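A short worksheet on the structure shown next.
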């Protein structure tokens, strides 16, 4: 069932719902358009919250997650990395090394890459915003999708900033 379709981002998102939380998010490339679908338990409240979050994401407004995520038991470093990852703003990136340092392990860049690869909630915990010091690095769903997501976010962020600055110019006249 499609709950949200948008043509600016060619991406399929499958959200697996449990009775009390989102259990997993899977991404898949599409030829065109954004498509959000659900699998698993029938959780109308959580489903509505997820649809709302993704609607905001497509407008560049997605902030903190207001729906429950079924987090596995992660080691403490992994938990710190995932927390730091959630703080990366829309349209911005951090390197694996920067994230490792922020999570308390300055030499843990490779471990950060593994944590990104195993992230069960891509986009919501934005592992695609974590890049290598010399390039994109990797992405569990492929580098083409990582590039598409970063380009989409950077484009929306740039459009918002240009629109805001343009409105400031109109006010000054």
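Remarks
- Of the residues examined, residue 164 is not one that is within 15 Å of residue 88 (Cβ to Cβ) and at pLDDT below 95.
- Long-range neighbours under 6 Å by Cβ, at least six apart or interchain, first residue within 16 Å of residue 19 (Cα to Cα) within the stretch 31-47, second at pLDDT below 95 and crowded, with 19+ Cβ neighbours inside 10 Å: 46/67
- The selection criterion, being touching a residue at least 40 places away in the same chain (Cβ under 8 Å) and on the phi < 0 side of the Ramachandran plot, holds for residue 54.
- Number of positions in the stretch 59-102 that are crowded, with 18+ Cβ neighbours inside 10 Å, more than 22 Å from residue 18 (Cβ to Cβ) and not assigned by TED's automatic domain parsing to the domain that holds residue 119: 0
- With respect to (1) in contact with a strand residue (DSSP E or B) (Cβ under 9 Å, 6 or more places away or on another chain); (2) in a helix (DSSP H, G or I); (3) touching a residue at least 12 places away in the same chain (Cβ under 8 Å), the lone exception for residue 121 is condition (2).
- Selected residue (criterion: surrounded by the most Cβ atoms within 10 Å (Cβ to Cβ)) from residues of the stretch 132-148 that are in contact with a strand residue (DSSP E or B) (Cβ under 6 Å, 6 or more places away or on another chain) and more than 18 Å from residue 10 (Cβ to Cβ): 137
- Odd one out for residue 60, checked against (1) touching a helix residue (DSSP H, G or I) at 6+ places or on another chain (Cβ under 8 Å); (2) modelled with pLDDT of 95 or more: (2)
The values are calculated or read from the model by the stated rules, or taken from the named source; none is laboratory data. Given the structure is predicted, the values throughout are model-derived calculations rather than measurements. Ideal geometry is used to build each Cβ from the backbone, glycine not excepted, and the neighbour counts take in all protein chains shown.
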